[in-house]
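**Student:** Got a structure for you, written out below as structure tokens; questions coming shortly.
The values are calculated or read from the model by the stated rules, or taken from the named source; none is laboratory data. Just so we're clear, the structure is a prediction, and the values are computed from it rather than from any experiment. So basically every Cβ, Gly included, is an ideal-geometry build from the backbone, and we count neighbours across all protein chains shown. Surface areas here come from the heavy atoms of the whole protein model, side chains and all, with no ligands, DNA or RNA. Shrake-Rupley method; radii C 1.70, N 1.55, O 1.52, S 1.80 Å.
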Amino acid sequence: MRQRLPFPILYEDNDLIVIDKPAGMLTTHTRAKETNTAEEWLNDYVRKGQMKSRKHVWLVHRLDRETSGVMMFAKTERVAEAFRANWNELTEKTYVARVEGVLEEEKGVFESWLREDDDGYKVRSVSAPSSVFRLKSKGLRQPKLARTEWRRLSTCDGTTLVEVSLKSGRKNQIRVHFSEAGHPVVGDVKYGGQKASRLYLDSLRLRFRHPHTGEWMAVDHLSPLTPNP
């Protein structure tokens, strides 16, 4: 018997499923092979509770466990590969975050080369690579250019609510850029923020070119972050 999904489906057709992922839920399994993930829930959903069914969804992109909001899965491998290969050209992602401190500027841009630590746990900005071959020969993770555009929405109790547009999709990108600027996301203990009830980062909107019609579509999060932490 199929269980009721623990999150709403925002959009679905023969090619895609777009969900509203809750904070605290993993996107997909890690080395520990957790089963209570968004991916596993959707696999059960498309199989309609039939354990022997081979139907499943394909992961297109990820959200951190503690990040909530709009997230897409593909229903076919062809669609998944098309989005993965051309993610920045086919999609536009908008986030909202509450960060520590007051940002005086109305808008700004963070741009840097991001590289995962050797254990993959954290990400940090590094100098532009002078030789990709040299990094690979040393077994180091290759840095990737990341650009984060933001604009201030409001301030409250020593924090700032910002809308963020990603021009690249790197691991922990928003969290790292704001932390390195001295304004970590509220609740982001991993990157120097103060402990809070949750990580105040939300995937607010996903705009994408539909793989079948070629038309641009936009899907919004049902319940954006509350105004105050």
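**Student:** Out of all the residues in segment 30-82, which are open to solvent by less than 20 Å² (accessible area, probe 1.4 Å) and free of Cβ contacts under 8 Å to residues at least 24 places away in the same chain?
**Tutor:** Once the filter is applied, which keeps residues that are open to solvent by less than 20 Å² (accessible area, probe 1.4 Å) and free of Cβ contacts under 8 Å to residues at least 24 places away in the same chain, segment 30-82 yields 37, 43, 80.
**Student:** Residue check, residue 106 against (1) under 30 Å from residue 19 (Cβ atoms); (2) in contact with a Lys or Arg (Cβ under 7 Å, 6 or more places away or on another chain); (3) at pLDDT 95 or above; (4) acidic (Asp, Glu), all met but one. Which one?
**Tutor:** Failed condition: (1).
**Student:** Scanning segment 120-141 for residues that are open to solvent by 50 Å² or more (accessible area, probe 1.4 Å), part of a loop (DSSP other than H, G, I, E, B) and modelled with pLDDT under 80, which turns out nearest to residue 184 (Cα to Cα)?
**Tutor:** 141
**Student:** Looking at segment 151-175, which of the residues that are touching a Leu at 6+ places or on another chain (Cβ under 8 Å), assigned to a strand (DSSP E or B) and not basic (Lys, Arg) is surrounded by the fewest Cβ atoms within 10 Å (Cβ to Cβ)?
**Tutor:** Filtering first and then ranking leaves 154.
**Student:** Here is a follow-up. Condition test on residue 219, is it at pLDDT 95 or above, buried (at least 16 other Cβ atoms within 10 Å of the Cβ), of a type in the set (A, V, I, L, M, F, W, C) and within 23 Å of residue 102 (Cα to Cα)?
**Tutor:** Numbers: at pLDDT 95 or above: yes; buried (at least 16 other Cβ atoms within 10 Å of the Cβ): yes; of a type in the set (A, V, I, L, M, F, W, C): yes; within 23 Å of residue 102 (Cα to Cα): no.
So residue 219 does not fit the description; no.
**Student:** Next question, about the same structure. Any residue that is among the aromatic types (Phe, Trp, Tyr), under 18 Å from residue 71 (Cβ atoms) and under 19 Å from the mean Cα position of the chain (by Cα) - is there at least one of those in segment 147-170? Before you say what the answer is, go through the steps one by one.
**Tutor:** So in segment 147-170, the residues among the aromatic types (Phe, Trp, Tyr) come out as 150.
Now restrict to residues that are under 18 Å from residue 71 (Cβ atoms): none.
The answer is no; no qualifying residue exists.
**Student:** Can you tell me which condition residue 202 does not meet? The list is (1) surrounded by fewer than 21 Cβ atoms within 10 Å (Cβ to Cβ); (2) in contact with a His (Cβ under 9 Å, 6 or more places away or on another chain); (3) within 23 Å of residue 123 (Cβ to Cβ), and all the others hold.
**Tutor:** Of everything listed in (1) surrounded by fewer than 21 Cβ atoms within 10 Å (Cβ to Cβ); (2) in contact with a His (Cβ under 9 Å, 6 or more places away or on another chain); (3) within 23 Å of residue 123 (Cβ to Cβ), residue 202 misses just condition (1).
**Student:** Of all residues in segment 157-216, how many are farther than 22 Å from residue 144 by Cα, among the hydrophobic types (A, V, I, L, M, F, W, C) and out of contact with any Ser or Thr (no Cβ under 8 Å at 6 or more places or on another chain)?
**Tutor:** Within segment 157-216, residues that are farther than 22 Å from residue 144 by Cα, among the hydrophobic types (A, V, I, L, M, F, W, C) and out of contact with any Ser or Thr (no Cβ under 8 Å at 6 or more places or on another chain) number 4.
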